[in-house]
Each structure stands twice: as C-alpha cells, then as structure tokens.
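Here, each number is a calculation from the coordinates, and none is a lab measurement. What you are looking at is a predicted structure, and each value in this text was computed from that prediction instead of being measured. Positions of Cβ are generated from backbone atoms using ideal geometry, with glycine treated the same way; all protein chains shown enter the neighbour counts.
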Amino acid sequence: MKDAVDSIPAEQSADQDSFANRKLIRPTLNRSEHNHNSHGHNHAPVERRDRDRDRDRDRDRSPAPAKKTAPTEQTNAENFYYQKQMQSKTPMVIVLRDGEEVHGYIEWYDKNCIKLNRAGSANLMIYKPAIKYMFKEGEGERK
C-alpha cells in the first residue's frame, strides 16, 4: 500500500516539472525593452495591453465635459409676436386678470406695457402683468 501512495506523487511531480517549464504569464515590457528585444516573436498581447492601459490613463486625464450654458433670458419670441401683430394690425382680444376682455390692435409695446388702439373707444395702455392672456380676434370663437 505504501508503494501505491509513492507512485502517485512521482507521477504528479513529473507533470509538475513539465508544467513548470511552461511560461504562462508574459511579463509586461517597457517600450524601450520591447523595441530592442523583438526577435520576430509575436508581441501583440503586450502591445494591446499597453495600448489599452494608455487609453484608460488618457481617459482619466481628460477634462470633464463643459457644462451647458444656461439659455439666454431673452428669446425675443414675445417681441417677434408683437411686431407681427402690429405690422398686420391684427384685431386682438386681451383678457385681463379680472376676466375683462378688451378688443383692439396693438399699436406699440415696450418692456412693461402695450398700447391697444381701439376703434370707437379710447386707446388703452395696459401693463403686461395685468394681462392674463391674449389671442387673435376670431380664434376664440369656437362652437
């Protein structure tokens, strides 16, 4: 029985010796060593590993993406709308915060108010904060 136990380690040691002679891990070479020691061997895995490491290092060093700037406070959409209605003298309905409707066309406007020209009535200067909403006359008539 002792002979059987001794024979198994002998076989394993023979396998381990042949296995130990194999080079399983390829050492990483410095770029200068790599260029001088290339004797026709295929070094693609080392080069790929170096390239991946360099790319990861560059990615870590890259500056953070620039923050988006806030949109401008003034889009000029309101100005464009007023200009269009003034040029065509579009009849408008201005609904005030208290629910009153005023009819006329916009003669001029500035940052704080609009001047509404009315036929047969006095012209009005309306402060913008007093306006609930406005629409073109005829668009509000839905049946």
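Structure notes:
- Oblate is the label for segment 76-115, because a/c, from the alpha-carbon gyration tensor with a ≥ b ≥ c as root eigenvalues, is 1.5 or above and a/b does not exceed b/c.
- Amide hydrogen neighbours beyond the local backbone of E137, cut-off 5 Å, H modeled: M92, V93
- Backbone N within segment 108-140 under 16 Å of label point (7 Å from Y82 Cα along the Cβ vector): 108-117, 124-135
- Per-residue ³J(HN,Hα) for segment 128-133, Karplus 6.51 cos²θ - 1.76 cosθ + 1.60, θ = phi - 60°, Hz, x for Gly and Pro: 4, x, 7, 8, 7, 6
- Within segment 89-136, the ratio Rg/Rh, alpha carbon atoms throughout and Rh by Kirkwood, equals 0.92.
- The length gained by stretching the chain between I25 and T90 to full extension, at 0.36 nm per residue less their Cα-Cα distance, is 15.1 nm.
- Calculated FRET efficiency, Y133 to K67, Cβ-Cβ distance, R0 = 41 Å: about 0.70 to the nearest 0.05.
- With Rh defined as the Kirkwood radius, the inverse of the mean 1/r over Cα pairs, the Rg/Rh of segment 59-138 is 1.31.
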